[in-house]
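Remarks on the structure that follows.
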Amino acid sequence: MCGHCCNSDLSLLTEVFNDMNGNGDNLISVLQKAQDIYGYLPTDVLYEIAEKTGNSPAKVMGVATFYTQFRLKKVGKYLILLCKGTACHVNGADSIEKAICEELKIQDGDTTEDGLFSLKTVACLGCCSLSPVMMINEDTYGSLTPAKTVEILREIRGREAK
């Protein structure tokens, strides 16, 4: 055992490690599958991956922190990806970010206290014609204004309150 706080059900990783066939070179793939299982990469999971893949904990952590696809903190039920690419920036992404932060009382990379929303700014969502744009889970919202953004967030919060 890793000797670190083990709150995660590490047995969920058994199939991932079985699929490796003893090949520890598939570190990125193992991290991706682990994140799919847990929603993020808890510390105890990173240590377990290091042990089972024959990599040092430092190497596993280095890979997990280098690639932006990996999350080390639990995210909310609704993950907001706010585009900060050129088209979105020019069309007001900063004012959209400000509206989100003020409405939810969080900053980029944070999760609301109730665990409902997380905010992550990204370089590009590939929806330039809809700029400024954000995705909330699988739904895309474009041609945003600060008011429209707040309305969307309040609508989701209202649905969740029911």
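The values are calculated or read from the model by the stated rules, or taken from the named source; none is laboratory data. Everything numeric in this text was worked out from a predicted model, so none of it was measured. A quick note on method: Cβ atoms are made from the backbone with ideal geometry, for glycine too, and the neighbour counts reach across all protein chains shown.
List of remarks:
Each row is one residue, and each column tells you yes or no for (1) outside any helix (DSSP H, G or I); (2) within 16 Å of N18 (Cα to Cα).
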position	(1), (2)
L31	no, yes
E48	no, yes
K59	no, no
A64	no, no
F70	yes, no
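- So S95, is it small (G, A, S) and under 29 Å from D36 (Cα atoms): no
- The set of residues in the stretch 21-58 being among the basic types (K, R) and more than 21 Å from the chain's Cα centre (by Cα) consists of K52 alone.
- Of the strands (runs of 3 or more DSSP E) contained entirely in the stretch 96-162, not one carries at least 1 residues that are at pLDDT 95 or above, small (G, A, S) and touching a His at 6+ places or on another chain (Cβ under 9 Å).
- K120 charged (D, E, K, R) and within 10 Å of L82 (Cα to Cα): yes
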